[in-house]
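To keep things clear, I will list the structure first and then write my remarks on it.
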Amino acid sequence: MRIAYLCADFGIPILGHKGASVHVRELVTALTAEGHEVRVFSPNPSGSNHLAAALHAVSPDGLAETCRRLLRRALPGARPLDKEVRELAFNLTFYRSVRNELRSWRPDAVYERYSLFNLAGVALARRSGVPHLLEVNAPLRLERAHTKGLALERIAGHVERRVFGSADAVLTVTAALHRYVLDHGGHAARTRVLQNAVDVERFGRGRTDRQAARARWGLGADEFVIGFAGSLKPWHGTETLLDAFGLLHGRVPGVRLLMVGEGPMGDTLRAHVADRGLASAVTFTGSVDHAEMPGLLASMDVGVAPYFDAPNFYFSPLKIYEYMAAGLPVVASDAGDIGGLVRDGETGLLCSPGDPLSLSSALHCLIEAPRLRAALSVAARAEAQRHTWRENARVVAKLAADPPVLY
């Protein structure tokens, strides 16, 4: 099967380090491994990671950038309006560029990662006469309005309803997003939850790199290493993690914290560590290629996902799946769908979101209970084997070959 994978989001570097970037590459890799031919189309091909498919860069230069520049000149300080106009105008650029590629290649399906203001995927699928599958990873309209402001929210809402209602199949990564799609124009018969996943074999192999990874980052062979992997963003609860680690550090000798990743909170967190006198016990790796993650996780004794809670918590953290595939005991916030994956006392431990004392207590419990750690390690890896990218790829291919029918 030939699958055109569309990602029109300027903020997702296909070869980059973001979780969204990893998600794109892992699904594409799995589809390719299942024997499908995939071509990826994106305005942002940047990054240093590998993609197991042809990557076509669609430049935003031209109409989209011209509209943005003209608006900035006419209305200085027009942000976020100038960005939104650029995204709207990019529909035409993206449509024309991809259409020209599809004329000779002739895909069997169009698979699109939902992007704000983007209608090109629907139009391309309809013009090609093939099914349109839409992957929804976040309520982008609400997220943008809350974090950056959204001048054209009404237009964004119309586009959202059109895309949700027109897609032949909509795949959401959590139950909260499933509800969101149905509340905003999606059809129940065409919408289903397809959770995130992991390459279990690759992360399992990383366990052989434990000592090498520890040596690289200055971690002692006998130290107990608490690990976090991901973007250093406010809602990831990294400040809560540092507070919890501060509570542990004073009473548990030989405990270390390894922070893998980078993000807008990086400088704040490093200053927090210095102010607390924890610099010798906390290591920040900065950005790393995803290929290094199996070895880094192998250097840890426990993986942490300390998310804040929020109404309609919609995240499906890739880090948890990767922790579990690496055989790490997991401590995670009891928020959203996380409790279905990390079942307290069975496949990991849950703590209260945003509560350093609750997180510290759960971590201390694991430090003091090696048998519990061993049991949770086995259970975590078994759970991870139920969530593989290859299985997700099979679901996608099946839907593309036989999309749901509305009656």
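The values are calculated or read from the model by the stated rules, or taken from the named source; none is laboratory data. Just so we're clear, the structure is a prediction, and the values are computed from it rather than from any experiment. No Cβ is skipped: glycine too gets one built from the backbone with ideal geometry, and neighbour counts run over all protein chains shown.
Of all the numbered requirements in (1) in contact with a Phe, Trp or Tyr (Cβ under 7 Å, 6 or more places away or on another chain); (2) within 23 Å of Thr32 (Cα to Cα); (3) polar (S, T, N, Q), Thr174 misses one, and that requirement is (2). Residue count for the range 240-268, restricted to those that are of a type in the set (D, E, K, R) and crowded, with 18+ Cβ neighbours inside 10 Å: 2. When residues in the range 103-121 are screened for being closer than 21 Å to Lys398 by Cβ and buried (at least 21 other Cβ atoms within 10 Å of the Cβ), 8 of them pass. Number of residues in the range 2-19 that are within 19 Å of Thr172 (Cα to Cα) and modelled with pLDDT under 95 equals 2. If the condition is being free of Cβ contacts under 8 Å to residues at least 40 places away in the same chain and on the phi > 0 side of the Ramachandran plot, then the range 210-255 contributes only Gly254. All of Leu119, Leu71 fail the test of being on the phi < 0 side of the Ramachandran plot, in contact with a helix residue (DSSP H, G or I) (Cβ under 9 Å, 6 or more places away or on another chain) and at pLDDT 90 or above, apart from Leu119.
You will find that of Gly336, Gly354, the residue that is assigned by TED's automatic domain parsing to the domain that holds Leu242, buried (at least 19 other Cβ atoms within 10 Å of the Cβ) and either modelled with pLDDT under 95 or part of a loop (DSSP other than H, G, I, E, B) (or both) is Gly336 and no other. So is Ala310 assigned by TED's automatic domain parsing to the domain that holds Gly230, surrounded by fewer than 22 Cβ atoms within 10 Å (Cβ to Cβ) and either assigned to a helix (DSSP H, G or I) or among the aliphatic types (A, V, I, L, M) (or both) or not? When the stated conditions are applied, Ala310 passes them.
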